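Trainee: Have a look at the structure that comes next, please.
The values are calculated or read from the model by the stated rules, or taken from the named source; none is laboratory data. Remember, it's a predicted structure, so these values are computed and weren't measured experimentally. We place every Cβ from the backbone using ideal geometry, glycine too, and count neighbours over all the protein chains shown. Surface areas here come from the heavy atoms of the whole protein model, side chains and all, with no ligands, DNA or RNA. Shrake-Rupley method; radii C 1.70, N 1.55, O 1.52, S 1.80 Å.
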Amino acid sequence: MAAAAAEQQQFYLLLGNLLSPDNVVRKQAEETYENIPGQSKITFLLQAIRNTTAAEEARQMAAVLLRRLLSSAFDEVYPALPSDVQTAIKSELLMIIQMETQSSMRKKICDIAAELARNLIDEDGNNQWPEGLKFLFDSVSSQNMGLREAALHIFWNFPGIFGNQQQHYLDVIKRMLVQCMQDQEHPSIRTLSARATAAFILANEHNVALFKHFADLLPGFLQAVNDSCYQNDDSVLKSLVEIADTVPKYLRPHLEATLQLSLKLCGDTTLNNMQRQLALEVIVTLSETAAAMLRKHTNIVAQTIPQMLAMMVDLEEDEDWANADELEDDDFDSNAVAGESALDRMACGLGGKLVLPMIKEHIMQMLQNPDWKYRHAGLMALSAIGEGCHQQMEGILNEIVNFVLLFLQDPHPRVRYAACNAVGQMATDFAPGFQKKFHEKVIAALLQTMEDQGNQRVQAHAAAALINFTEDCPKSLLIPYLDNLVKHLHSIMVLKLQELIQKGTKLVLEQVVTSIASVADTAEEKFVPYYDLFMPSLKHIVENAVQKELRLLRGKTIECISLIGLAVGKEKFMQDASDVMQLLLKTQTDFNDMEDDDPQISYMISAWARMCKILGKEFQQYLPVVMGPLMKTASIKPEVALLDTQDMENMSDDDGWEFVNLGDQQSFGIKTAGLEEKSTACQMLVCYAKELKEGFVEYTEQVVKLMVPLLKFYFHDDILQGLVAAAESMPLLLECARVRGPEYLTQMWHFMCDALIKAIGTEPDSDVLSEIMHSFAKCIEVMGDGCLSSEHFEELGGILKAKLEEHFKNQELRQVKRQDEDYDEQVEESLQDEDDNDVYILTKVSDILHSIFSSYKEKVLPWFEQLLPLIVNLIVSVHLRTVFGKALPLLVRVIQSADSKTKENVNATENCISAVGKIMKFKPDCVNVEEVLPHWLSWLPLHEDKEEAVQTFSYLCDLIESNNPIVLGPNNTNLPKIFGIIAEGEMHEAIKHEDPCAKRLANVVRQVQTSGGLWTECIAQLSPEQQAAIQELLNSA
């Protein structure tokens, strides 16, 4: 006993050290804790939780650790425990909940119970802890408020606790929630039951019948949302946002009430900003997840728009704003930023047809308001709606642009800034039409605004708008303005360089350097005359801007130099190439000392790739210096974590983490630091492989080892770009490796192949998927015959078949959506987009098949047969000329190959012949029928595949009955051949006499019989067996 007590005492010390602010002590304690065996951990932790005399922090820590242990290592620890210990743990947990007096501690113990319950539902949905359920029922109707809270907390944490008994207990669950939601005396019970209701609905997101059954809980739930907000608790409001996001249909019966409540809370300035923004989030989320449903409530949308605009006016006066030299990140908690983002999303969700007429008047009024904040908000609103209201704004763009340009001369600098923002945003949203229509006005106005010497922020933003304008500007439009642009940009650069030296200000210079780069990038070789004007100053900046606060300026200047080099070409650039390379090399040597968040890193990486494009093969000598840091950046491993809701609440997005909800109280977190640089580095590796080809061979192996694992999906946009780069690199790396000989090449391909095929099967993002499929097809072209094993073929066949079937399934789902009560023309537009997306993936399936046929020829026929019916269905059911224009030549080649009629190939060949017939019959506009028909006739009849034979003969009858000149031939000269086909079909029993087709064929023969000479000619060319077969057909049909 004494030894056990001493051990427990040691454990309390350990818990204390785990909470220590001293890193060394804490790390050591974590190691010690990790090494304690699982069963002992449970014993110690339970003992600590039970001990009410222990320090509060130690008990709470023990509770968190026990929950985490059950969450992350249940299968390793719990099943190995003796059954009496398991029983003891279960009963002890319930006992502790009942004894605990301290509310936050009780919640933590309830979390442990919920976690245990989650793990005690077996594969068939049986709850292995019936006492837990009994405790839930007893507690929820107890007089003890703490116990009622505990029951609701457990149910909120694990709404699936009833397992396969849920349907049986549905009315009981509903009664329990309704009862608690009506508890007028205890607001906390009402709040908890509302959150539990939301968790239960979310856990059953596909169960539409359950939504209906629980619809009458919504009024109580909305009341709880309202009440809790005024008690400074936004947890129920957050639950409402989740419902709007995941199961908006649940809200339909009380949508008006939901929207009215959200609108009221959003407009109530006595609530804090976070709560008001969450209320707005409910409406904005619904505009994305249930747009058609929301479009029916135009009155609410019309009232929400002024709310968003009012938030955008919530700006603070700031005397230092105009000349601040550091750009602060947007304050995403501010009402102004939240309002603008909400407006952007709502316009995109509901569409301009609804939003623009509602908002236009408001914006016009705001722009005429004497208070600068309103004019600023009006212009920012105009920027925000451009994407969503694209179509509708295009028609009135002329008046919008003329109006906005006036505000570049507004007396208030922040309004001029907002006008620059609107011009820059429109230049992106409406490119290149915007540039074509307004080049003269816009360039002149922006250059004038860039002269606003007293207001750095305005100058810099005008330069940023100019970048947006030139990026998407057709070259021919920009050339006439080059002299003027260059003159302005150069004079501002010189002035700002002096200011940098005298005052240390750099904001405008950073943007102007990028403007110069953008102009050069668009002007290309036309920039040559201005090269010498800029290059010395730019080199000077790179050499001398070495202080930490000038890192961004230096990075942008490096980018500018490399873009100018690329624009003017090797010949002109060569005079400086050596200097520039030395400057880059010097920066590169300091690369290892750079901090991870140094903005120069990604600029450097991209600049090297541009230098490679400029110098071509001559760049190879620099690879040993460049590749080390590049590979280091490309190899950044993002920190990822699988967290439950409890842990997530302790981690905030501010730490650079982003989360994706995986359901069942689980979230996937990824730390975003360094991801953008990683992605850029991967794209640059692709560039080197493309440009240097065999010159890159030394690095192919390490790059392949880096890229292949990237094909496994991570949840982040920057990673997606890296994924695309990884896919793109595969065929290029094979090309590079070719010079090492076939064995090396094959080894490399084997390393890639499995991963590529798996990625085709699992990649959820269609842009990335299409890139992976395209890359795989290219790889097969590089590797040729024999590159896929039978296992590869089997796996690939299954995946491609699934992709084709998925298209049909998606089409059915789209048809269901067209029957939905909320269906309208905007829904149709998004369904069309989905369809286009699907069809694009089908073109990639076609690419893969094409490359396999090109490499394997007819050997691949038996494998291809499993896909053929689906492909024919596609051709017949969808207008896919682009997709299967390639399919026809493939089919023809298969049919005409030497061993197409061998025993193992004949079925597939006949399927292909039938497929060609169906394409001509159902999609004649997809093929040149006149060219294909004679070939098709020469392949008939089919006799192995009886089903396809009937369809083929049926099409042949159609052609003969319509007197098709190609089939009958000039003066019916093809008729003897057709008789031969019919006779062969009869002999091989391909013509079933009971089939209507047999009657039609017999009629064709009888018609010829009546025309004397032609009949004699036809019969004369048949063998005795064939003549007998024709007679047999006439007798029986």
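Trainee: Which of the helices (runs of 4 or more DSSP H) contained wholly in the range 355-459 include at least 3 residues that are farther than 20 Å from Leu478 by Cβ?
Mentor: 372-385, 390-394, 397-406, 413-429
Trainee: Looking for something within 41 Å of the chain's Cα centre (by Cα), touching a residue at least 60 places away in the same chain (Cβ under 8 Å) and part of a helix (DSSP H, G or I) - is there at least one such residue anywhere in the range 471-491?
Mentor: no
Trainee: Would you mind finding the one in Ala431, Ala427 that is under 30 Å from the mean Cα position of the chain (by Cα), open to solvent by 30 Å² or more (accessible area, probe 1.4 Å), among the hydrophobic types (A, V, I, L, M, F, W, C) and over 22 Å from Pro411 (Cβ atoms)?
Mentor: One residue alone meets the criteria, Ala431.
Trainee: Do you know which residues across the range 245-297 are of a type in the set (Val, Ile, Thr), more than 25 Å from Lys212 (Cα to Cα) and assigned to a helix (DSSP H, G or I)?
Mentor: none
Trainee: Considering only residues that are under 17 Å from Gly798 (Cα atoms) and of a type in the set (D, E, K, R), look in the range 731-773 and name the one that is modelled with the lowest pLDDT.
Mentor: Going through the qualifying residues, I end up with Glu763.
Trainee: Could you tell me whether the range 351-360 includes any residue that is out of contact with any strand residue (DSSP E or B) (no Cβ under 6 Å at 6 or more places or on another chain), at positive phi and among the small types (Gly, Ala, Ser)?
Mentor: Checked the range 351-360: at least one residue is out of contact with any strand residue (DSSP E or B) (no Cβ under 6 Å at 6 or more places or on another chain), at positive phi and among the small types (Gly, Ala, Ser).
One line per residue, one yes/no per condition, for (1) under 15 Å from Lys844 (Cα atoms); (2) in contact with a Ser or Thr (Cβ under 9 Å, 6 or more places away or on another chain); (3) in contact (Cβ under 8 Å) with a residue 24 or more places away in the chain:
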site	(1), (2), (3)
Phe751	no, no, yes
Lys758	no, no, yes
Gly761	yes, no, yes
Val768	yes, no, yes
Ile772	yes, no, yes
Ala777	yes, yes, yes
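Trainee: I would also like to ask the following. Within the range 339-366, how many residues turn out to be aliphatic (A, V, I, L, M), within 28 Å of Pro413 (Cβ to Cβ) and open to solvent by 10 Å² or more (accessible area, probe 1.4 Å)?
Mentor: The first filter runs over the range 339-366 and keeps only residues aliphatic (A, V, I, L, M), leaving 342-343, 346-347, 350, 354-356, 358-359, 363-364, 366.
Now restrict to residues that are within 28 Å of Pro413 (Cβ to Cβ): 342-343, 347, 359, 363-364, 366.
Filter once more, keeping what is open to solvent by 10 Å² or more (accessible area, probe 1.4 Å): 364, 366.
Here the count works out to 2.
Trainee: Across the range 129-160, what is the number of residues that are open to solvent by less than 20 Å² (accessible area, probe 1.4 Å) and assigned to a loop (DSSP other than H, G, I, E, B)?
Mentor: Residues flagged as open to solvent by less than 20 Å² (accessible area, probe 1.4 Å) and assigned to a loop (DSSP other than H, G, I, E, B) within the range 129-160 amount to 3.
Trainee: Give the residues of the range 921-936 that are in contact (Cβ under 8 Å) with a residue 24 or more places away in the chain, open to solvent by 10 Å² or more (accessible area, probe 1.4 Å) and not β-branched (Val, Ile, Thr), sorted by residue number.
Mentor: Lys921, Phe922, Lys923, Asp925, Cys926, Glu930, Pro934, His935
Trainee: Please tell me if Val513 is surrounded by 22 or more Cβ atoms within 10 Å (Cβ to Cβ), of a type outside the set (Ser, Thr, Tyr) and part of a helix (DSSP H, G or I). Walk me through it before giving the result.
Mentor: Numbers: surrounded by 22 or more Cβ atoms within 10 Å (Cβ to Cβ): yes; of a type outside the set (Ser, Thr, Tyr): yes; part of a helix (DSSP H, G or I): yes.
Yes.
Trainee: Would it be correct to say that Ile561 is surrounded by 21 or more Cβ atoms within 10 Å (Cβ to Cβ), at pLDDT 90 or above and part of a helix (DSSP H, G or I)? Write out each step before concluding.
Mentor: On the way: surrounded by 21 or more Cβ atoms within 10 Å (Cβ to Cβ): yes; at pLDDT 90 or above: yes; part of a helix (DSSP H, G or I): yes.
Against the criterion (surrounded by 21 or more Cβ atoms within 10 Å (Cβ to Cβ), at pLDDT 90 or above and part of a helix (DSSP H, G or I)), Ile561 qualifies.
Trainee: Taking the conditions exactly as written (surrounded by 14 or more Cβ atoms within 10 Å (Cβ to Cβ), more than 27 Å from Ala199 (Cα to Cα), out of contact with any Leu (no Cβ under 6 Å at 6 or more places or on another chain) and of a type outside the set (Phe, Trp, Tyr)), does Gln98 satisfy them or not?
Mentor: On the way: surrounded by 14 or more Cβ atoms within 10 Å (Cβ to Cβ): yes; more than 27 Å from Ala199 (Cα to Cα): no; out of contact with any Leu (no Cβ under 6 Å at 6 or more places or on another chain): yes; of a type outside the set (Phe, Trp, Tyr): yes.
For Gln98, the condition - surrounded by 14 or more Cβ atoms within 10 Å (Cβ to Cβ), more than 27 Å from Ala199 (Cα to Cα), out of contact with any Leu (no Cβ under 6 Å at 6 or more places or on another chain) and of a type outside the set (Phe, Trp, Tyr) - is not met.
Trainee: Given the criteria closer than 19 Å to Leu65 by Cβ and open to solvent by 30 Å² or more (accessible area, probe 1.4 Å), does Asn119 qualify?
Mentor: Numbers: closer than 19 Å to Leu65 by Cβ: yes; open to solvent by 30 Å² or more (accessible area, probe 1.4 Å): yes.
Judged against the criteria, Asn119 is a match.
Trainee: Still on this structure, I have one more. Any idea how many residues of the range 161-193 are open to solvent by 40 Å² or more (accessible area, probe 1.4 Å), outside any loop (DSSP other than H, G, I, E, B) and more than 17 Å from Val225 (Cβ to Cβ)?
Mentor: 9
Trainee: Every residue in the range 298-312 that is over 15 Å from Ala347 (Cα atoms) and surrounded by fewer than 19 Cβ atoms within 10 Å (Cβ to Cβ), please.
Mentor: Result: Asn299, Ala310.
Trainee: If you don't mind, another one. Being within 23 Å of Ala462 (Cα to Cα) and either open to solvent by less than 30 Å² (accessible area, probe 1.4 Å) or free of Cβ contacts under 8 Å to residues at least 40 places away in the same chain (or both) is the requirement here; does Thr587 meet it?
Mentor: The answer is no for Thr587.
Trainee: So, in the range 538-554, exactly how many residues are surrounded by 19 or more Cβ atoms within 10 Å (Cβ to Cβ) and either of a type in the set (D, E, K, R) or closer than 26 Å to Glu525 by Cβ (or both)?
Mentor: 5
Trainee: For the structure I just gave you, tell me whether Ala347 is outside any loop (DSSP other than H, G, I, E, B), at pLDDT below 95 and not acidic (Asp, Glu).
Mentor: no
Trainee: I would also like to ask the following. Taking helices (runs of 4 or more DSSP H) that do not extend beyond the range 889-979, which have at least 3 residues that are under 49 Å from the mean Cα position of the chain (by Cα)? Walk me through it before giving the result.
Mentor: Working: elements: 906-922, 929-938, 946-961, 965-968.
Helices (runs of 4 or more DSSP H) meeting the threshold: 906-922, 929-938, 946-961.
Trainee: Check whether at least one residue in the range 44-64 is modelled with pLDDT of 90 or more and under 20 Å from Asn127 (Cβ atoms), and report yes or no.
Mentor: The answer is no; no qualifying residue exists.
Trainee: Against the definition (among the hydrophobic types (A, V, I, L, M, F, W, C), surrounded by 13 or more Cβ atoms within 10 Å (Cβ to Cβ), in contact (Cβ under 8 Å) with a residue 24 or more places away in the chain and out of contact with any helix residue (DSSP H, G or I) (no Cβ under 6 Å at 6 or more places or on another chain)), how does Leu956 come out, yes or no?
Mentor: Here the answer is yes, as Leu956 does meet what is asked.
Trainee: Scan the range 988-1002 for residues that are open to solvent by 80 Å² or more (accessible area, probe 1.4 Å) and either in a helix (DSSP H, G or I) or free of Cβ contacts under 8 Å to residues at least 40 places away in the same chain (or both) and jot them down.
Mentor: Result: Glu994, Pro996, Lys999.
Trainee: Working only within the range 969-987, note down all residues that are of a type in the set (A, V, I, L, M, F, W, C) and open to solvent by 20 Å² or more (accessible area, probe 1.4 Å).
Mentor: Result: Met987, single match.
Trainee: Continuing with this model, one more query. Kindly provide the set of residues from the range 787-807 that are in a loop (DSSP other than H, G, I, E, B) and over 17 Å from His850 (Cα atoms), ordered by number.
Mentor: Ser789
Trainee: Please count how many residues of the range 516-537 are crowded, with 20+ Cβ neighbours inside 10 Å and either touching a residue at least 60 places away in the same chain (Cβ under 8 Å) or out of contact with any Ser or Thr (no Cβ under 8 Å at 6 or more places or on another chain) (or both).
Mentor: Final tally of qualifying residues: 8.
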